[in-house]
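*Asks:* Quick one: this structure, given as structure tokens, is what I'll be asking you about.
The values are calculated or read from the model by the stated rules, or taken from the named source; none is laboratory data. Remember, predicted model here, so these are calculated numbers, not experimental data. Cβ placement follows ideal geometry from the backbone for every residue including glycine, while neighbour counts extend to all protein chains displayed.
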Amino acid sequence: MGYQSTFDQTYVCNDVNGTLSGKVPIVVSYVAAFYSKRLGRCDCNVNSCGANNNLCVHGANDIKQGINQILDIYRSYAQGYANCFGTTKPIIFEMEPDWYQYTYSSQTSPMTNAQAANFMSQFVGAIKQYLPNARFSMDISPWVAPNNGGDHGQSWYGNFDMSLFSFINTSGGSTEAANTRIRQENNMTWAGVNQVTGKPILADTGYGANGVSAGHDNNWDNPTYINARMNDGVVSISQYNPNSNWGTTISSIRGQLNTPRYCP
Amino acid sequence: VSAPVFCCFLLLLCVNCRSHNSTEERKAGPPEGARLSLERTEYHLGQAVQFEEVAIQVPLENTGGRALSISSIEAGHNCRAAPPGTIEPGARIFVEVTCRPLTYGTFADRLRLKTNSTDSPAILMITADVTPALRLERDILDVTLSHGEKRTEVLGVVGKSAHDAKLRVPDQAILREHGLTLSISPAKSRDHSAYVEAHFEALRAGVFTGNLTLETGLTEPSEISIPYTFTVRGTLSVTPDTLYINVRDPTRSEVQVDIKSTAPAFSIKKLSVTEGLFAVRSERISAQHHRAYVRLLVDQVPEGVTGSVGRLSIQTTDATEPEKTLPIMAMGKVRHELSAAQ
């Protein structure tokens, strides 16, 4: 969400009001990032926009000075969803993947933690203005300070009004089913971030830098691993590019799964 | 790898290198196609002012053997340049690039030159250090007060246009709901611009966020704003902040809410589900502590529906937060036969 500056996702409503009736839509909201990208920036790990012309350098300054325009974009999308999906059914927004990157010292004008929290609350408020029954998920960056995720986000999430959020979610793919850590190279664990926030986790996998598909992640088909992660607070997994028989796989392993602590 | 095989491999590499170098020498001179050569790929404009135009001349040279055609020069929102058309082999021309920074701070814009050169598009970065035309001197107003407290924060206005601005406060309805009002104080001397006073009054507990926005009377920027976070501490505590009901787990079909307050003579005035197919009951644990239990009315949810949301309203005698609303989420697909069996 946010690829354009006005609502362009009627197709989501068409699906959820049609063939996917009864399902709860989850929308990845990348509005602030797309706003900066429309100013010519690339994702942090992408160089095609020119040297250092990326979200990790200019993103925070773009967002800080464009905050009113970004809020207008949020309102446009929220109003669009209210019109085509209604305001009573649940809908979940995964808010601003990699939000933590806007506090990096590599930014020309980094956000303070207070600013990052303030803007996030305003984004949620802009959606709730039109979608009072929307639910929100806060992004997980498993490398947050201090010590590369060592406190499982205690300090980082402590800046935010977490009562606004019903979930937390990973982003960027490549999350590890077979590991107590979300990613091997970071110290944050699935259980740790669940305990710190008290929120159920929406996990993602199957893609890498700049959204490039990494294929089906077979570890997330293994009942032993899934049960371990459910015990850590995971309630959902999205495969970016699943095998065509994923539905059959899910059906075949369902009987081997425990009842999750929270039930999706 | 055995020693003889390793040596052969090295030898082959060397032969290939020599052969490649010889080919390069034979091809000395301009390449057959068009080739765009840029003196630099980044230009720094130095100090610039927000909303004011700066122009530079950028040299472009065709070091190829055929005419170089520049079909377009794409820029971000801040810079522009007209494509010069064709550059003959060996020729060098200058293109005027005009930038008008819309934001202050470190400025960076990218030009993409699409040509018939083999390495098209060429990327040219334009950077500058931009001073603001007008802004509030602080980045955020972050104020925490106890219920009933008041505070005034003074904000200066800085920037090249600070003396020309005629600040005006637009509609303050939302701000007033949050316990804020704004007023403008005139400049104290010719050396100062007007000041903004933000008056905080902690009317009710909670976290209130938004932007304080002022009209400037200028064409650009017509408005300036500053984000605020106004936290008011109260005496009511409700945990958890979100209620999760697990439809598929009978041991978690009812969720517990602890409602505590340090206010004297604390009591619950009303507990109600204001949205969703949920029911609530409560019990008094102590004078300062009540406990509510929320459950999904499973038999009223259509078969097969996944997920159900609602809202719990808690009205108490605690004056710092007379009403608190909690979101409820029931997760899992409702299966009536399963519920009946349980």
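*Asks:* Could you list all residues from the range B:221-234 that are part of a strand (DSSP E or B) and away from every other protein chain (no Cβ under 11 Å)? Give the derivation first.
*Replies:* Filtering the range B:221-234 down to residues part of a strand (DSSP E or B) leaves B:223-233.
The answer is B:232, B:233.
*Asks:* Looking at the range A:96-122, which of its residues are in a loop (DSSP other than H, G, I, E, B), at the interface with another protein chain (Cβ under 10 Å from one of its Cβ atoms) and either in contact (Cβ under 8 Å) with a residue 40 or more places away in the chain or hydrophobic (A, V, I, L, M, F, W, C) (or both)?
*Replies:* Going residue by residue through the range A:96-122, those that are in a loop (DSSP other than H, G, I, E, B) are A:96-98, A:104-112.
Imposing the further condition that a residue be at the interface with another protein chain (Cβ under 10 Å from one of its Cβ atoms) reduces the set to A:107-109, A:111-112.
Matches in the range A:96-122: A:107, A:108, A:109, A:111.
*Asks:* Search the range A:221-234 for residues being part of a helix (DSSP H, G or I) and within 14 Å of chain B (Cβ to nearest Cβ), and hand back the single one that is surrounded by the fewest Cβ atoms within 10 Å (Cβ to Cβ). Show your work before the answer.
*Replies:* Taking the range A:221-234 and keeping what is part of a helix (DSSP H, G or I), we get A:221, A:223-231.
From the residues that got through so far, the ones that are within 14 Å of chain B (Cβ to nearest Cβ) too are A:230-231.
On the way: A:230: 22, A:231: 14.
My answer is A:231.
*Asks:* Would you mind finding the one in A:195, A:256 that is over 16 Å from residue A:176 (Cβ atoms) and within 14 Å of chain B (Cβ to nearest Cβ)? Don't jump to the end; show me each part of the working.
*Replies:* Numbers: A:256 fails: within 14 Å of chain B (Cβ to nearest Cβ).
Step by step, each of A:195, A:256 is checked, and only A:195 is over 16 Å from residue A:176 (Cβ atoms) and within 14 Å of chain B (Cβ to nearest Cβ).
*Asks:* Between B:229, B:239, B:181, B:209, which is among the β-branched types (Val, Ile, Thr), crowded, with 17+ Cβ neighbours inside 10 Å, free of Cβ contacts under 8 Å to residues at least 24 places away in the same chain and under 30 Å from residue A:133 (Cα atoms)?
*Replies:* Working: B:229 fails: free of Cβ contacts under 8 Å to residues at least 24 places away in the same chain; B:239 fails: crowded, with 17+ Cβ neighbours inside 10 Å; B:181 fails: crowded, with 17+ Cβ neighbours inside 10 Å.
From the options B:229, B:239, B:181, B:209, the qualifying one is B:209.
*Asks:* Please state which one of B:179, B:148 is touching a Leu at 6+ places or on another chain (Cβ under 6 Å), under 15 Å from residue B:231 (Cβ atoms) and of a type outside the set (Phe, Trp, Tyr).
*Replies:* On the way: B:148 fails: touching a Leu at 6+ places or on another chain (Cβ under 6 Å).
Only one candidate qualifies: B:179.
*Asks:* Only one of (1) touching a helix residue (DSSP H, G or I) at 6+ places or on another chain (Cβ under 8 Å); (2) surrounded by fewer than 20 Cβ atoms within 10 Å (Cβ to Cβ) is not met by residue A:87, so which one is it?
*Replies:* Evaluating residue A:87 over (1) touching a helix residue (DSSP H, G or I) at 6+ places or on another chain (Cβ under 8 Å); (2) surrounded by fewer than 20 Cβ atoms within 10 Å (Cβ to Cβ) leaves (1) as the failure.
*Asks:* In addition: Could you tell me whether any residue of the range B:167-177 is within 30 Å of residue B:321 (Cα to Cα), free of Cβ contacts under 8 Å to residues at least 60 places away in the same chain and either in a strand (DSSP E or B) or small (Gly, Ala, Ser) (or both)? Before the answer, list the steps.
*Replies:* Filtering the range B:167-177 down to residues within 30 Å of residue B:321 (Cα to Cα) leaves B:169-177.
Right, trim to free of Cβ contacts under 8 Å to residues at least 60 places away in the same chain and you get B:169-177.
Filter once more, so that each one left must be either in a strand (DSSP E or B) or small (Gly, Ala, Ser) (or both): B:173.
Checking the range B:167-177: at least one residue is within 30 Å of residue B:321 (Cα to Cα), free of Cβ contacts under 8 Å to residues at least 60 places away in the same chain and either in a strand (DSSP E or B) or small (Gly, Ala, Ser) (or both).
*Asks:* Follow-up. For residues in the range B:71-82 being surrounded by fewer than 16 Cβ atoms within 10 Å (Cβ to Cβ) and either free of Cβ contacts under 8 Å to residues at least 24 places away in the same chain or within 14 Å of another protein chain (Cβ to nearest Cβ) (or both), which is farthest from residue B:120 (Cα to Cα)? Spell out how you get there, then give the answer.
*Replies:* The first filter runs over the range B:71-82 and keeps only residues surrounded by fewer than 16 Cβ atoms within 10 Å (Cβ to Cβ), leaving B:71-72, B:74, B:77, B:82.
Next, from what is left, pick out any that are either free of Cβ contacts under 8 Å to residues at least 24 places away in the same chain or within 14 Å of another protein chain (Cβ to nearest Cβ) (or both): B:74, B:77, B:82.
On the way: B:74: 12, B:77: 21, B:82: 17 Å.
Here the answer is B:77.
*Asks:* Residue check: is residue A:237 part of a helix (DSSP H, G or I) and either more than 14 Å from chain B (Cβ to nearest Cβ) or farther than 25 Å from residue A:147 by Cα (or both)?
*Replies:* The answer is no for residue A:237.
*Asks:* Take the range A:67-86 and flag every residue that is more than 14 Å from chain B (Cβ to nearest Cβ) and within 21 Å of residue B:210 (Cβ to Cβ).
*Replies:* So the first thing to find is which residues in the range A:67-86 are more than 14 Å from chain B (Cβ to nearest Cβ), and the list is A:73, A:76-84.
The answer is A:73, A:76, A:77, A:78, A:79, A:82.
*Asks:* To continue, here is another question. When the range B:119-141 is examined, which residues are found to be within 21 Å of the chain's Cα centre (by Cα), buried (at least 17 other Cβ atoms within 10 Å of the Cβ) and within 11 Å of chain A (Cβ to nearest Cβ)?
*Replies:* The answer is B:130, B:132, B:135, B:140, B:141.
*Asks:* Scanning the range B:83-118 for residues that are basic (Lys, Arg) and either part of a loop (DSSP other than H, G, I, E, B) or crowded, with 17+ Cβ neighbours inside 10 Å (or both), which turns out nearest to the chain's Cα centre (by Cα)?
*Replies:* As a first pass, look at the range B:83-118 and keep what is basic (Lys, Arg): B:92, B:100, B:110, B:112, B:114.
Now drop any that are not either part of a loop (DSSP other than H, G, I, E, B) or crowded, with 17+ Cβ neighbours inside 10 Å (or both), which leaves B:100, B:110, B:112.
Values: B:100: 23, B:110: 21, B:112: 26 Å.
The qualifying residue nearest to the chain's Cα centre (by Cα) is B:110.
*Asks:* Now, a different point. What's the total number of residues in the range B:71-106 that are among the aromatic types (Phe, Trp, Tyr) and either more than 22 Å from residue A:40 (Cβ to Cβ) or out of contact with any helix residue (DSSP H, G or I) (no Cβ under 9 Å at 6 or more places or on another chain) (or both)? Show your work before the answer.
*Replies:* Taking the range B:71-106 and keeping what is among the aromatic types (Phe, Trp, Tyr), we get B:94, B:104.
Of the ones still in play, those that are also either more than 22 Å from residue A:40 (Cβ to Cβ) or out of contact with any helix residue (DSSP H, G or I) (no Cβ under 9 Å at 6 or more places or on another chain) (or both) are B:94.
Final tally of qualifying residues: 1.
*Asks:* Looking only at residues in the range A:37-60 that are surrounded by fewer than 24 Cβ atoms within 10 Å (Cβ to Cβ) and in a helix (DSSP H, G or I), which one is farthest from the other protein chains (Cβ to nearest Cβ)?
*Replies:* A:56
*Asks:* Taking into account only those residues within the range A:72-95 that are in a loop (DSSP other than H, G, I, E, B) and hydroxyl-bearing (Ser, Thr, Tyr), which is modelled with the lowest pLDDT? Reasoning before the result, please.
*Replies:* Within the range A:72-95, the subset in a loop (DSSP other than H, G, I, E, B) is A:86-90.
Filter once more, so that each one left must be hydroxyl-bearing (Ser, Thr, Tyr): A:87-88.
On the way: A:87: 93, A:88: 86.
Filtering the range A:72-95 for residues that are in a loop (DSSP other than H, G, I, E, B) and hydroxyl-bearing (Ser, Thr, Tyr), the one modelled with the lowest pLDDT comes out as A:88.
*Asks:* Specify which of the listed residues (B:313, B:308, B:267, B:282) is more than 18 Å from residue A:200 (Cβ to Cβ), polar (S, T, N, Q) and under 36 Å from the mean Cα position of the chain (by Cα).
*Replies:* Numbers: B:308 fails: more than 18 Å from residue A:200 (Cβ to Cβ); B:267 fails: under 36 Å from the mean Cα position of the chain (by Cα); B:282 fails: under 36 Å from the mean Cα position of the chain (by Cα).
One residue alone meets the criteria, B:313.
*Asks:* Among the strands (runs of 3 or more DSSP E) contained in the range B:235-330, which hold 2 or more residues that are more than 10 Å from chain A (Cβ to nearest Cβ)? Break it down into steps so the answer makes sense when it comes.
*Replies:* Values: elements: B:236-239, B:243-246, B:254-261, B:268-275, B:278-286, B:289-296, B:306-316.
Ranges flagged: B:236-239, B:254-261, B:268-275, B:278-286, B:289-296, B:306-316.
*Asks:* What are the residues in the range A:171-218 that are within 19 Å of residue A:98 (Cβ to Cβ), in contact (Cβ under 8 Å) with a residue 60 or more places away in the chain and not basic (Lys, Arg), if any?
*Replies:* Hits for the range A:171-218 are A:171, A:172, A:173, A:201, A:202, A:209, A:210.
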